[in-house]
Amino acid sequence: MDYLEITGGAKLKGEITISGAKNSALPIIACTILTDQKVRLSNLPNVVDIRTLLKLITMLGGGVNHNNTIADIDNSSINSTKAVYEIVSQMRASILVLGPLLARFGECEVSLPGGCAIGQRPIDLHLKALESMGAKIEIRGGYVKAEAPNGLKGAKIIFDKITVGGTENIVMAAALADGVTTIINAAKEPEVVQLCEMIASAGVEIDGIGTSELTIKGTNGKALEFKETIEIIPDRIEAGTYLCAGAITNSSITLNKVNHKHIRASINKLEEMGCEFELKDNSITIFPPKKLKPINLITMEYPAFPTDMQAQFMAVCMIAEGESIIEERLFENRFMHVSELNRLGADIWLKGSVSAVKGVQKLYGAEVMATDLRASSALVLAGLVADGVTTVRRIYHLDRGYDNLEGKLSSLGASIIRKKEK
Ligand code: UD1
C-alpha cells in the first residue's frame, strides 16, 4: 500500500492548475445513461472514483474509451441494469445510476451502499422520491430493486432535507418521465447546476436551475441527445484545499482554472483569517498574513460553507492565534480526523458536532492514518507545516478524489514523496 512522507517547513511558491470536479463528473457520467448516442466528456480529473464509475458503465455493457481527462462514452450497447455490490461498496456515488437506469430501461438493481466513515448516509430520500414518481421499490439481498413498467410519471417532490445526490438522481429520472416534475428544497450546488445544464442542453425544459425549486418537463421515455462535448467544471474543493495549503504554509501561490464564485465561502473564511487575494479571469492568488486569526465556521449547503472543506480548515485553524469553533451540520461523524490531527500536536476538543481548535505555536511530524477523502487532505496540510516528517497512511482515500496531489504540491516546492509499503 502506498503512503506519503512529508517533511514540513518548506515555503510554497508558483502556480498550479485545478482539475475538473470529481463531484460534477460523477453525475455527468451517470447521466450519459439517458442517451443512446455517443457523448464526449472533457476535463475529467484523473482520480480513482472516476475510473470506478466508468468501470461500472462498462459492466452495464456501455462502451467507454477513457484517456486521462477525456472519456468517450457510448451507452447504446447497455445490456445489463445491475450495479453490483463490488463497485457500489467501493464508491457510494454509484447510486447515481439508479435514476437514469430506471428512467431509460424501466427497471434496475443497484446495490445498497451500506455504511460510510463520515455518517450513515441513507438513500431513503432518493427512494421515496422515485416511489412518488411511480416506481415500485423493494430491498432484497442488499439490492434496491426498482421497477417502473409503465415508465416514470412527473410528480411534486418535497425533499425533507437538502440532498445533492438525491436531487441529481431525481433530475435525471425526471428528464425521461411522463409529465412535469417539481423538486422543492432541491440542492443548489454548482455540480447540480452543471448536471441540469447538461440535461437542458439536450432540449429538456428545466426551470429554476441554481435555485431550490426545479421544474423539469420530461420527454416521456425519449432518449436524450447531448449535442456537444461536456467540459467538467473546475473542482471547488480541490481549489479550496490548495488555498488552505497557501494559508497554512504562509505562502503566496496561484491557482489557475478556478471559478471564483464557487469558492466564495472558502475565500470569505480565509479573508476573516487575514488572507488577501488577487482574482483575475480564471485564476486566484493568495497572500496570507504572518499570523492567522481564528474563525467560527458552520458547514451548510451551498452557497454556505461546504462540509467537504471542514477538515482542511480545521488544519489551518490549528496554527491560528486563538480559538476557532467548527460545527459540522451535514454529517454526524465527520470528525474522525481530530484524533489524528491531535497526534501532530494540535489542541482540538470535540463534543458531538462541535469542535474547538486552540491554535498552537508548532506542530510535530508523526505517523497518521487517513480516514476519509477530505480528512486525508487535512493531514497532508498539517504535515506541510509540522516539524520533521509526517507519514500519512491509507492514502487510497486521497487517490479517490485528488488528482496528482503530491505532484501538484511538489511543483509548488513542498517536500512530499509517495512511497510503497515494503
Ligand atoms: C454529496 C457529495 C459529498 C458532499 C455532500 C454534501 C458527491 C459525489 N458527493 O454527497 O462530497 O459531502 O454532497 O455536500 O457529490 N441524506 C439522507 N437521506 C438521503 C440522502 C441524504 O438522510 O436519502 C442526508 C445525508 O446522510 C447527509 C445529508 O442528507 O446527512 C446530505 O447528504 P447529500 O447531500 O445527499 O450528500 P451526497 O449526495 O451523498
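The values are calculated or read from the model by the stated rules, or taken from the named source; none is laboratory data. A quick note: this is a predicted structure, and the numbers were derived from the prediction, not measured. Because the Cβ atoms are built from the backbone with ideal geometry, glycine has one as well, and the counts that use them run over all protein chains shown. Just so you know, the surface numbers come from the protein's heavy atoms only, side chains and all, with ligands and any DNA or RNA stripped out. Shrake-Rupley method; radii C 1.70, N 1.55, O 1.52, S 1.80 Å.
Looking at the range 92-126, which of its residues are near the ligand (Cβ under 9 Å from one of its atoms), aliphatic (A, V, I, L, M) and either closer than 27 Å to residue 156 by Cβ or at pLDDT 95 or above (or both)?
Result: 93, 95, 96, 123, 125.
Take the residues in the range 156-184 that are open to solvent by less than 50 Å² (accessible area, probe 1.4 Å) and closer than 16 Å to residue 221 by Cβ; name whichever of them is farthest from the ligand (Cβ to nearest atom).
Initially, the range 156-184 is screened for residues open to solvent by less than 50 Å² (accessible area, probe 1.4 Å), giving 157, 159, 163, 165-177, 179, 181-184.
Checking which are closer than 16 Å to residue 221 by Cβ leaves us with 172-177, 179, 181.
On the way: 172: 13, 173: 14, 174: 16, 175: 18, 176: 21, 177: 19, 179: 23, 181: 17 Å.
Among residues in the range 156-184 that are open to solvent by less than 50 Å² (accessible area, probe 1.4 Å) and closer than 16 Å to residue 221 by Cβ, the one farthest from the ligand (Cβ to nearest atom) is 179.
Residue-by-condition table, conditions (1) in contact (Cβ under 8 Å) with a residue 40 or more places away in the chain; (2) assigned to a loop (DSSP other than H, G, I, E, B); (3) over 22 Å from residue 134 (Cβ atoms):
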position: 170; (1), (2), (3): yes, no, no
position: 182; (1), (2), (3): no, no, no
position: 200; (1), (2), (3): no, no, yes
position: 211; (1), (2), (3): no, yes, yes
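Is it fair to say residue 329 is touching a residue at least 40 places away in the same chain (Cβ under 8 Å) and of a type in the set (D, E, K, R)?
no
Scan the range 20-41 and report the pairs whose first residue is in contact (Cβ under 8 Å) with a residue 60 or more places away in the chain and open to solvent by 10 Å² or more (accessible area, probe 1.4 Å) and whose second residue is within 16 Å of the ligand (Cβ to nearest atom) and in a loop (DSSP other than H, G, I, E, B), with Cβ atoms within less than 8 Å and a gap of 6+ or a chain change.
22/45; 22/47; 22/235; 23/189; 23/235
If we keep just the residues of the range 371-391 that are away from the ligand (no atom under 16 Å from the Cβ) and of a type in the set (A, V, I, L, M), which is most open to solvent (accessible area, probe 1.4 Å)?
It comes out as 389.
Taking residue 276 as the residue in question, decide whether it is open to solvent by 40 Å² or more (accessible area, probe 1.4 Å) and under 30 Å from residue 182 (Cβ atoms).
It is false that residue 276 is open to solvent by 40 Å² or more (accessible area, probe 1.4 Å) and under 30 Å from residue 182 (Cβ atoms).
If residue 251 meets every condition in (1) farther than 30 Å from residue 314 by Cβ; (2) outside any helix (DSSP H, G or I); (3) modelled with pLDDT of 95 or more; (4) more than 16 Å from the ligand (Cβ to nearest atom) apart from one, which number is that one?
Against the list (1) farther than 30 Å from residue 314 by Cβ; (2) outside any helix (DSSP H, G or I); (3) modelled with pLDDT of 95 or more; (4) more than 16 Å from the ligand (Cβ to nearest atom), residue 251 comes up short only on (1).
Out of the range 333-370, which residues are touching a Ser or Thr at 6+ places or on another chain (Cβ under 7 Å), open to solvent by 10 Å² or more (accessible area, probe 1.4 Å) and touching a residue at least 40 places away in the same chain (Cβ under 8 Å)?
Selection gives 334, 336, 365.
Name the one entry in 211, 219, 241, 229 that is over 18 Å from the mean Cα position of the chain (by Cα) and crowded, with 17+ Cβ neighbours inside 10 Å.
Among 211, 219, 241, 229, only 219 is over 18 Å from the mean Cα position of the chain (by Cα) and crowded, with 17+ Cβ neighbours inside 10 Å.
With the requirement that a residue be in contact with a Gly (Cβ under 6 Å, 6 or more places away or on another chain) and within 11 Å of the ligand (Cβ to nearest atom), what does the range 272-312 give you?
309
Go through the range 14-48 and report how many residues are closer than 19 Å to residue 408 by Cβ and either in contact with a Ser or Thr (Cβ under 6 Å, 6 or more places away or on another chain) or aliphatic (A, V, I, L, M) (or both).
Within the range 14-48, residues that are closer than 19 Å to residue 408 by Cβ and either in contact with a Ser or Thr (Cβ under 6 Å, 6 or more places away or on another chain) or aliphatic (A, V, I, L, M) (or both) number 10.
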